[in-house]
Amino acid sequence: MRHLRHEFEFCVVGGGLAGMCAAVAAARHGVKTALIHDRPVLGGNASSEIRMWICGAHGENMRETGIVEEILLDNRCRNPEFSYAQWDALLYEKVAFQENLTCFLNCSCIDAEMAGSRMVSVKGWQLTTETWHTIQADGFADCSGDSILAPLSGADFRLGRESSAEFGESIAPKQADDLTMGMSCLIQARETDRPHRFVPPSWAYRYESDDDLPNRGHNLQTNFWWIEIGGEADSIHDAEENRDELLKIAYGVWDHIKNRGDHQADNWVLDWVGFLPGKRESRRYVGDHMLTQDEVRAEGRFEDVVAYGGWSMDDHHPAGFRYPGQPTIHHPAPSPFGIPYGCLYSRNIENLFCAGRNISATHAAMSSTRVMATCAILGQAVGTAAALTVEHQTSPRGVGGGYLEELQQRLLKDDCFLPWCRRKIGVILEMAKLRASVGDPEPLRSGVDRPFEGADNAWTGKVGGILEIEFDRPRRLQGVRLVFDSDLKGNYRNLPAMRPLDLHPATPPATLVKSFRVAIADRAGAWREVANVADNHQRLVRLDLPAVEARALKLTVDSSWGEETVRVFAVDPE
């Protein structure tokens, strides 16, 4: 067998949304990065192998931005028919063609080399090439969900539920235990124009009536998340046995829908069944801070906030499908609540980050932070922090001690939302005069790139509108950073679970600016067009500008994807 050795500055284990965003963020900040993933496709629970919806913070204007929004906007533009083949390709492209990033797919991490409390390298087996890969790096991030690097490195971790007394959590059980939320194998169906029969496999379970599926809504608009078991067993080591049981349940549920009672499913066909369970919970790291239920409820107003949540504390019963009562309880949580940086690295392994459902949080708090859009922004925070460890030759803990403000400002500049933090306005914009053909441009200096706490924080104009920034003196520009309105009021699904005949194609948000021009004025006041973008579908746009001295900059909005009114949250000359 081959054995190859590689050297990187940063290594991410796990290619779900958290790992993808961590790796891409680090690479974009100039860090030589490796991403190890044990599956052939990226995306984890959002991939074509599992197909869970990407969920995140509840409420108007609370959708997560940054890299995850970039991915979802790409999907809405390039994948109008909701194809999982297109989705897989889009996620693959985001990683495989990113400068400074090398991806090792089909590669399972099975060992780690340590030097005291510092991780030196990880070793992975790549099944497709029959190759051992040893990856040495200065820093590591465990985004594997199951926290594979914890037992390999000796990092402190927890598994199961804390007692209510330990952290004073009212929704925790009285006694601590090793129970977790379970895992699910989803099913998907497609409507056709004629009836179809379904013959179940002989080994499928049989559910004769709706009484056999108590509290399990099974209309054709759900994604059947409640086909769930495993919380009473070992969510890692019993995964194969749990998968076998889930398949019996899944095919039995579809047999019930098609053949046992009238579920309006005559014209529907079973289109896909997941053979890889999607997990909700297993090992969780112990960091310098452990997020708790009461901190979530108190809105998480931490000084070291680097991400946020807003999903309810959605605590599934450990028995899952076998429990006849309500399969989950949505304990209230505010949206947003801050998540502190101290939850995103190991307390005893000095160069190990964590991001995703495995961050340092109690079971109760994790029941909210585990959803994928939240995991994605946690990953981006970790990847950005990793870049600072390289630049400043420090540790994850050292970033929190001396470079926290720099981390927060980088995240804000990369279009991550941090509640109650404002992006610093550059001196060029701060000293400039703002003029607009219509509307008030002053909110462009708010330092917040979305509506929040009653403030719109945007210049509101019309298609054809012009925004002009006159500098206090001639300025040498390198580029301009623009943030448009991608309609954060909605929480659209990345791909549907069920496909009715009248499924409408995806389109970019109607509020988003589609075509625009940027011009600069020279010392004499003569205008020159330096950018003409005809088919934009992104919220965050960065443009390089000629390295010349400019007296002013002008943005002209030529069209949107549907709305006449347009909103622009940022025009930052750099």
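Observations on the structure shown:
- Subset of the range 505-559 [part of a strand (DSSP E or B), closer than 25 Å to R473 by Cα and small (G, A, S)]: A519, A521, A531, A550, A552
- Residues being modelled with pLDDT under 95 and more than 25 Å from the chain's Cα centre (by Cα) - total across the range 227-249: 2
- Scope the range 329-345; condition out of contact with any Ser or Thr (no Cβ under 8 Å at 6 or more places or on another chain) and either surrounded by fewer than 21 Cβ atoms within 10 Å (Cβ to Cβ) or not assigned by TED's automatic domain parsing to the domain that holds L378 (or both); matching residues: I329, P334, S335
- The range 314-330 residues that are touching a residue at least 60 places away in the same chain (Cβ under 8 Å) and farther than 18 Å from H218 by Cα, paired with ones that are aromatic (F, W, Y) and surrounded by 14 or more Cβ atoms within 10 Å (Cβ to Cβ) (beta carbon under 6 Å, 6 or more apart): H317/Y323
- Qualifying positions in the range 132-178 - over 30 Å from F10 (Cβ atoms) and among the aliphatic types (A, V, I, L, M): A165, I171, A172, A176
- Sole exception among (1) surrounded by 15 or more Cβ atoms within 10 Å (Cβ to Cβ); (2) touching a residue at least 60 places away in the same chain (Cβ under 8 Å) for P474, by number: (1)
- Considering only residues in the range 511-526 that are hydrophobic (A, V, I, L, M, F, W, C) and loosely packed, with under 14 Cβ neighbours inside 10 Å, the one that is farthest from W561 (Cα to Cα) turns out to be A524.
- When the range 208-228 is filtered for residues that are more than 20 Å from W272 (Cβ to Cβ) and either charged (D, E, K, R) or touching a Leu at 6+ places or on another chain (Cβ under 7 Å) (or both), the ones remaining, listed by number, are E208, D210, D211, D212.
- Test: C11 is out of contact with any Pro (no Cβ under 8 Å at 6 or more places or on another chain) and under 17 Å from S108 (Cα atoms): yes
- Selection status of E549, surrounded by fewer than 20 Cβ atoms within 10 Å (Cβ to Cβ) and modelled with pLDDT of 95 or more: no
- Residues in the range 277-297 that are buried (at least 24 other Cβ atoms within 10 Å of the Cβ) and either in a helix (DSSP H, G or I) or at pLDDT below 95 (or both): Q293, V296.
- Matching residues, the range 427-465, being free of Cβ contacts under 8 Å to residues at least 12 places away in the same chain and not charged (D, E, K, R): V427, G454
- Yes/no for L17 being in contact with a Pro (Cβ under 9 Å, 6 or more places away or on another chain), outside the structural domain of V448 (by TED's automatic domain parsing), touching a residue at least 60 places away in the same chain (Cβ under 8 Å) and not hydroxyl-bearing (S, T, Y): no
- Residue count for the range 550-570 satisfying the condition of being within 15 Å of V530 (Cα to Cα) and either free of Cβ contacts under 8 Å to residues at least 60 places away in the same chain or outside the structural domain of L477 (by TED's automatic domain parsing) (or both): 0.
- Summed over the range 446-461, residues that are exposed (fewer than 15 other Cβ atoms within 10 Å of the Cβ) and either more than 32 Å from the chain's Cα centre (by Cα) or part of a strand (DSSP E or B) (or both) total 1.
- Of the residues making up the range 393-419, not one is farther than 22 Å from C21 by Cβ and not assigned by TED's automatic domain parsing to the domain that holds A137.
The values are calculated or read from the model by the stated rules, or taken from the named source; none is laboratory data. Since we're looking at a predicted model, the values are computed, not measured. Note: ideal-geometry Cβ built from the backbone for every residue, glycine included; neighbour counts use all protein chains shown.
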